[in-house]
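Since the structure comes first, as structure tokens, the remarks are kept for the end.
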Amino acid sequence: MSKKILEMHDLKRDFIVGSETVHALKGVSFDVEEGEFMTIMGSSGSGKTTMLNILGCLDKPSGGSYILDGTDVKNLNRDELARFRNHKIGFVFQSYNLLARTTALENVELPLLYNSAVSSSERRERAMHALDSVKLADRYGHMPNQLSGGQQQRVAIARALVNEPVMILADEATGNLDTRTSYEIMSLMQELNTKQKKTIVFVTHEPDIAAFSSRTVTLRDGLLVKDVKNEHVKNAAEALASLPQTEDYHS
């Protein structure tokens, strides 16, 4: 029987803006099973960013419940929430969020610095293993400015993997990349999902990116308006191979 990593029941989030109450999420419910690759879509104002902040334990719902790996998030205080987030979720952002004067290896090690149970040698070993899993072990000593956009995003994915989280949460992770590099990143995501059984929740506004996932949830005006299994999941490696080659391209 498959395990539910994420359970969301009648989730609501309200914000007070002046004398007005804005209902950003109006009762959203869905589950994500272990090993699932799901995309969340929605235009500006759909509640997508609010949903992302709650999924990432950066914010708490006003009503309803969000249970991640068996823990109801609303029962955690701020410190518990920070520890829980660091151990359970691997974040991948649109802008990579790498430290500029820090090597790829040191950037990947960062989440482990908050874990006193991990020695410096184990931290390095786990970071190297994560870099190897995104095919960047040979660039471990490079600074971000010595890496292409796609390579920087792969370092960010390695950093998301290093703590062995129960869920990878990606926010428009291909938003700053060209088509070829976007497909490279989605090919890597598919590989992590199928070979390493990683649970991935990928927020995007691009239908062609969502086509690489096995399921798509669509938000509109704070409501879940569509939740569909993708019957014909596109293979990102094949999509990448079908693109015309450019002589000056370096992955």
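Bear in mind these aren't lab numbers, they're just calculated from the coordinates by the rules spelled out. Values in this document were obtained by computation on a predicted structure and should not be read as measured data. Glycine gets a Cβ as well: all are built from the backbone with ideal geometry, and neighbour counts include every protein chain shown.
Under 5 Å between amide hydrogens, which residues at least 5 positions from Ile5 or on another chain qualify, with H placed 1.01 Å from N in the peptide plane?
Amide H neighbours of Ile5: Val32, Glu33, Glu34.
Go ahead and set up a Gaussian network model of the chain, Cα springs under 10 Å, then flag whichever of Asn86, Asn77, Asn97 fluctuates most.
So, out of Asn86, Asn77, Asn97, the one fluctuating most is Asn77.
Cα extents of the range 161-251 along the three principal axes, largest first, in whole Å?
Over the range 161-251, Cα extents along the principal axes are 45, 31, 25 Å.
Rounded to the nearest 500, what is the chain's calculated 222 nm mean residue ellipticity when only DSSP H runs of at least 4 contribute -39500 (n - 2.57) each, over all residues?
After summing the helix terms and dividing by the residues of the chain, the value is -9000 deg cm²/dmol.
Order the peptides 167-179, 116-128 from the highest to the lowest mean number of other Cβ atoms within 10 Å of their residues.
167-179, 116-128
I'd like the Kirkwood hydrodynamic radius of the chain, using the inverse of the mean 1/r over distinct C-alpha pairs, in Å.
Value: 18.9 Å, from the Cα pair sum.
Can you pull the Kirkwood radius for the range 189-231, inverse mean 1/r over Cα pairs, to one decimal in Å?
Averaging 1/r across every pair of different Cα atoms and inverting gives 11.4 Å.
Stokes-Einstein D for the range 81-198 at 25 °C, 0.890 mPa s, Kirkwood Rh over Cα pairs, in µm²/s?
174
So who's got an amide H within less than 5 Å of the one on Ala170, skipping anything under 5 residues away but keeping other chains? H placed 1.01 Å off N, in plane.
Val92, Val201, Phe202, Val203
Treating the Cα atoms of the range 1-143 as identical point scatterers in vacuum, please give the log10 of the normalised Debye intensity I(q)/I(0) at q = 0.14, 0.18 Å⁻¹, two decimals.
-0.84, -1.15
Compute the distance in nm between two label points, each set 7 Å from the Cα along the Cα-to-Cβ direction, one at Val228 and one at Gln146.
With each label placed 7 Å out from Cα toward Cβ, I get 4.6 nm.
From the phi angles alone, apply the Karplus equation (6.51, -1.76, 1.60; θ = phi - 60°) to the range 177-183 and give each ³J(HN,Hα) in whole Hz, x where the residue is Gly or Pro.
10, 6, 4, 4, 5, 4, 5
Rounded to whole Å and ordered largest first, report the semi-axes of the equivalent ellipsoid of the range 1-79 derived from its Cα gyration tensor (root of 5λ).
23, 16, 10
Specify the angular offset, from 0 to 90 degrees and rounded to the nearest 10, of the alpha carbon long axis of helix 78-88 from the longest principal axis of the alpha carbons in the chain.
Helix 78-88 and the main axis of the chain meet at about 50 degrees.
Would you mind checking the radius of gyration and Dmax of the range 143-197 based on alpha-carbon positions, in Å?
11.3, 31
Quick one: helix 120-133 against the long Cα principal axis of the chain, what's the angle to the nearest 10°, folded into 0 to 90?
With rounding to tens, the tilt is 90 degrees.
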